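Read through the structure below, which is laid out as structure tokens, and then see the notes.
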Amino acid sequence: MVSQSEAAEWSMVPSIGVKGVYNDNLLLTPLPHDATYGYWTSPAAEFAGKTERLEVSGKVAADFVSYYGGEETNFTNIFLPLSMRYKTEKDILGFTGGFTRDNTLMAELLETGLVLRFTQRNQVLANPTWARSLTEKLSLQTSFQFSDTTYEDGLRLGLVNYQLLGGSGGLLYQMTEQDQLQLTGSYIQFHTTNAPSAFQANLPGVSLSFTHAFTESLMATIFGGPRFISSTSQLGSDSITTRNTVWLFGGNIQKKFESTTLLVSASRDIVPSGFGLLIQTEKLSTTVSYDLSERFAVSLDATGYQVSGASRLALGGTIPDQLFFYTTPKVSWKFSEWWRAELSYTYRWRDSIGFQPATFSNGAMFTITYYPPKLALSN
């Protein structure tokens with residue numbers, strides 16, 4: 001009789017960072033305002049575990065933030081992401097999700113391109129997946145999506161809580177070593193949970209994507225397909241339903257050089273918003289990173305948005321078309337084995353077409369992070 005046990009590797013990487021921040025128009029408001037400055041304290045710990053079949057990774061992190069000047073406030077961000085992957089000979093079971101507590105100008109602005117009132121946002125995410133190999137080249141891909149989003153003191157600020165529930169399924173075909181084709185059908189339901197007048201939308205759709213690897217360091221993906229939107233606004237005892245079709249599409253290309261990585265992407269997507277509505281976002285972004293040496297690195301992130309309402313009818317009026325752009329150059333310096341410093345500058349610009357004058361802001365952040373030795377265990 002022979003006993004067999006799986007080898008396991010576990011590790012944890014702790015860190016703590018201190019950030020000093022400055023912004024001359026944190027809320028991107030056209031009204032008179034003062035500059036905002038403050039500091040962040042950010043402890044974190046990343047953990048990972050791996051066996052022959054199971055992979056687990058996650059993070060426990062927080063930001064303790066104090067702002068002074070134009071926007072005097074104290075708040076705490078919490079990040080608890082979790083990712084798991086279990087595989088057998090033909091099946092791969094996965095999960096991504098967790099809990100996030102951030103603020104609207106930190107996360108939702110980058111997701112939607114809309115500037116909301118400044119408040120804390122709590123979000124619970126769960127995305128289990130299942131993939132099964134049917135043949136050497138063909139596999140079945142399925143996933144389930146759930147998210148619950150709430151805002152602190154949201155109704156007073158004009159923000160409402162909402163939930164997303166949906167799923168997708170399709171086929172992935174490995175045409176050649178360089179080419180991959182995927183056909184996916186999906187369904188998403190969006191509804192507000194505490195709005196004085198409820199809003200609900202159903203979004204079935206189909207998407208086709210194609211990925212081609214030109215070389216080991218150059219890869220491109222394109223995708224597209226329709227979404228059939230049916231939205232209902234509840235007005236007292238009456239309800240109004242509208243239907244329309246939106247074509248979603250996009251693509252990205254990534255190139256890796258010896259010391260440089262370049263990523264360019266463009267997309268049209270439909271995303272939820274704290275306004276209690278679905279938002280159509282058209283986005284173009286470029287990210288470039290360059291390693292000057294083992295200790296010095298520079299990067300540039302530039303993204304532009306064009307934002308509009310995804311439904312023909314928006315409760316209480318329509319969302320005016322808006323433009324938003326930001327760019328962030330950054331330089332990092334690993335000045336010792338366990339210490340790293342980063343300096344970044346961010347320029348942001350927004351324009352609510354025909355509604356408010358264009359506004360902009362300039363911000364800077366300086367960060368020092370300490371990384372203690374990695375903790376590892378294997379058996």
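The values are calculated or read from the model by the stated rules, or taken from the named source; none is laboratory data. For clarity, every value in this text was computed on a predicted model and none was experimentally measured. Positions of Cβ are backbone-derived with ideal geometry, glycine not excepted, and every protein chain shown enters the neighbour counts.
Within segment 229-259, can you find the residues that are under 22 Å from Ser299 (Cβ atoms) and aliphatic (A, V, I, L, M)?
Residue satisfying the conditions is Ile253 alone.
Out of Val288, Val271, I need the residue that is under 30 Å from Ser344 (Cβ atoms), in contact with a helix residue (DSSP H, G or I) (Cβ under 7 Å, 6 or more places away or on another chain) and in a strand (DSSP E or B). Which one?
On the way: Val288 fails: in contact with a helix residue (DSSP H, G or I) (Cβ under 7 Å, 6 or more places away or on another chain).
After ruling out the rest, the residue left standing is Val271.
Taking the conditions exactly as written (within 21 Å of Glu46 (Cβ to Cβ) and hydrophobic (A, V, I, L, M, F, W, C)), does Leu343 satisfy them or not?
Spelling it out, it is not the case that Leu343 is within 21 Å of Glu46 (Cβ to Cβ) and hydrophobic (A, V, I, L, M, F, W, C).
Out of the residues in segment 348-375 that are assigned to a loop (DSSP other than H, G, I, E, B) and in contact with a strand residue (DSSP E or B) (Cβ under 7 Å, 6 or more places away or on another chain), state the one that is nearest to His33 (Cα to Cα).
Among those residues, the one meeting the criterion is Ala358.
Within segment 18-35, count every residue that is part of a loop (DSSP other than H, G, I, E, B) and hydroxyl-bearing (Ser, Thr, Tyr).
Total meeting the criteria: 1.
Regarding segment 215-237, can at least one residue be identified that is within 22 Å of Leu155 (Cα to Cα) and modelled with pLDDT of 90 or more? Give the steps one after another, and end with the answer.
Applying the first criterion (within 22 Å of Leu155 (Cα to Cα)) to segment 215-237 yields 231-237.
Restricting the remaining residues to those that are modelled with pLDDT of 90 or more gives none.
No: segment 215-237 contains no residue that is within 22 Å of Leu155 (Cα to Cα) and modelled with pLDDT of 90 or more.
Out of the residues in segment 290-308 that are crowded, with 17+ Cβ neighbours inside 10 Å and out of contact with any Leu (no Cβ under 8 Å at 6 or more places or on another chain), which is nearest to Ser197 (Cα to Cα)?
This residue is Asp301.
Quick grid of which residues meet (1) in a strand (DSSP E or B); (2) under 21 Å from Val307 (Cβ atoms); (3) without any contact (Cβ under 8 Å) to a residue 24 or more places away in the chain; (4) assigned by TED's automatic domain parsing to the domain that holds Ser308:
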position: Phe190; (1), (2), (3), (4): yes, yes, no, yes
position: Phe210; (1), (2), (3), (4): yes, no, no, yes
position: Ile222; (1), (2), (3), (4): yes, no, no, yes
position: Ser239; (1), (2), (3), (4): yes, no, yes, yes
position: Thr242; (1), (2), (3), (4): yes, yes, no, yes
position: Gly250; (1), (2), (3), (4): yes, yes, no, yes
position: Ile253; (1), (2), (3), (4): yes, no, no, yes
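Only one of (1) farther than 17 Å from Leu105 by Cα; (2) more than 15 Å from the chain's Cα centre (by Cα); (3) in a strand (DSSP E or B) fails for Glu294. Which number is that?
Going through the list (1) farther than 17 Å from Leu105 by Cα; (2) more than 15 Å from the chain's Cα centre (by Cα); (3) in a strand (DSSP E or B), Glu294 breaks only (3).
If you go through segment 320-347 one residue at a time, how many are outside any strand (DSSP E or B) and under 23 Å from Leu105 (Cβ atoms)?
Qualifying residue count, segment 320-347: 2.
Restrict the check to segment 151-168 and report whether at least one residue is surrounded by 17 or more Cβ atoms within 10 Å (Cβ to Cβ), without any contact (Cβ under 8 Å) to a residue 60 or more places away in the chain, outside any helix (DSSP H, G or I) and among the hydrophobic types (A, V, I, L, M, F, W, C).
Within segment 151-168 (the criterion being surrounded by 17 or more Cβ atoms within 10 Å (Cβ to Cβ), without any contact (Cβ under 8 Å) to a residue 60 or more places away in the chain, outside any helix (DSSP H, G or I) and among the hydrophobic types (A, V, I, L, M, F, W, C)), the answer is no, since none of the residues qualifies.
Does Leu109 satisfy being among the aliphatic types (A, V, I, L, M) and touching a residue at least 60 places away in the same chain (Cβ under 8 Å)? Full working, then the answer.
Working: among the aliphatic types (A, V, I, L, M): yes; touching a residue at least 60 places away in the same chain (Cβ under 8 Å): yes.
Yes.
Any idea which residue in segment 188-212 is farthest from Thr135 (Cα to Cα), counting only those that are exposed (fewer than 15 other Cβ atoms within 10 Å of the Cβ) and of a type in the set (Ser, Thr, Tyr)?
The residue in question is Ser197.
Do the conditions hold for Arg117, that is, is it among the basic types (Lys, Arg) and in contact with a strand residue (DSSP E or B) (Cβ under 7 Å, 6 or more places away or on another chain)?
Taking the combined requirement at face value, the residue does not satisfy it.
For Leu218, which of the numbered conditions (1) surrounded by fewer than 15 Cβ atoms within 10 Å (Cβ to Cβ); (2) farther than 28 Å from Thr261 by Cβ; (3) not small (Gly, Ala, Ser) fails to hold?
Checking Leu218 against (1) surrounded by fewer than 15 Cβ atoms within 10 Å (Cβ to Cβ); (2) farther than 28 Å from Thr261 by Cβ; (3) not small (Gly, Ala, Ser), the one that fails is (2).
State which residue is nearest to Ile270 (Cα to Cα) when the search covers only segment 173-182 and only residues that are more than 24 Å from the chain's Cα centre (by Cα) and outside any loop (DSSP other than H, G, I, E, B).
Leu181
For segment 12-35, indicate whether the set of residues that are small (Gly, Ala, Ser) and farther than 17 Å from Phe366 by Cβ is non-empty.
no
Exactly one condition in (1) more than 28 Å from Leu208 (Cα to Cα); (2) part of a strand (DSSP E or B) is false for Gly276; which is it?
Only one criterion is unmet by Gly276, namely (2).
Being touching a residue at least 40 places away in the same chain (Cβ under 8 Å) and touching a Phe, Trp or Tyr at 6+ places or on another chain (Cβ under 9 Å) is the filter here, so list the residues in segment 43-63 that pass it.
Matches in segment 43-63: Gly49, Lys50, Arg53, Gly58.
From the list Leu27, Leu31, pick out the single residue that is modelled with pLDDT under 95 and in contact with a strand residue (DSSP E or B) (Cβ under 9 Å, 6 or more places away or on another chain).
Leu27 is the lone residue from the list that is modelled with pLDDT under 95 and in contact with a strand residue (DSSP E or B) (Cβ under 9 Å, 6 or more places away or on another chain).
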